[in-house]
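Some notes on the structure that comes next.
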Amino acid sequence: MIEFKNNLFYTNNNEWAEKINNFVRVGIDDYSQRSLGDIVHVEICKTGTHLRAGDSFGSIEATKSVSEIIAPISGIIAKVNDSVKDSPAIINI
């Protein structure tokens, strides 16, 4: 079953955004995780990168395909979850 959380805002590109104080945390939704299958590599732009809503700021490589990660809002990347880059399979947990 696909889970939708009330505190998240979802995009048409299967990303989600969560406002936490003055920051926004971004991820991919359950549907994308299941559709992609086993995730083997994640690339994300570096900290300090300026983005406009709709810009690609990374990619997720799975056994089935590669998908871009699209910025749901404009802003600056303040922090990157390095554990996702080091162990991409944690996205599927």
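With θ set to phi - 60°, apply the Karplus curve 6.51 cos²θ - 1.76 cosθ + 1.60 along the range 37-51 and write out the HN-Hα couplings as whole Hz, x wherever there is a Gly or Pro.
Running phi through 6.51 cos²θ - 1.76 cosθ + 1.60 with θ = phi - 60° gives x, 5, 8, 10, 7, 10, 10, 9, 4, 6, 3, x, 5, 8, 10 Hz.
Taking all protein chains as present, what is the carbon and sulfur share of the accessible area of the chain, in % to the nearest whole number, probe 1.4 Å?
51 percent
At 1.4 Å probe radius, can you tell me the per residue accessible area of the chain in Å²? Each step should come with its number before you reach the end.
Numbers: 6450 Å² over 93 residues.
Per-residue value: 69 Å².
I need the P(r) histogram for the chain: all alpha carbon pairs, bin width 10 Å from 0 out to the longest distance, whole percents.
Distribution as computed: 16, 51, 31, 2 percent.
For every helix of n ≥ 4 consecutive DSSP H residues, a contribution of -39,500 (n - 2.57) applies; sum these over the chain, divide by its total residues, and give [θ] at 222 nm rounded to the nearest 500 deg cm²/dmol.
Computed ellipticity for the chain at 222 nm equals -3000 deg cm²/dmol.
With +1 assigned to the C-beta of every Lys and Arg and -1 to the C-beta of every Asp and Glu, and no other charges, what is the dipole magnitude of the chain about the Cα centre in debye, to the nearest 20?
Values: 9 positive and 12 negative charges, 53 e Å.
My answer is approximately 260 debye.
With a cut-off of 8 Å between alpha carbons and a minimum separation of six or more residues, what is the relative contact order of the chain in percent?
25 percent
The values are calculated or read from the model by the stated rules, or taken from the named source; none is laboratory data. Source: prediction; values computed, not measured. As a convention, Cβ positions derive from the backbone with ideal geometry for all residues, glycine included, and neighbour counts pool all protein chains shown. Keep in mind that these areas ignore ligands, DNA and RNA; they rest on the heavy atoms of the full protein, side chains included. Shrake-Rupley method; radii C 1.70, N 1.55, O 1.52, S 1.80 Å.
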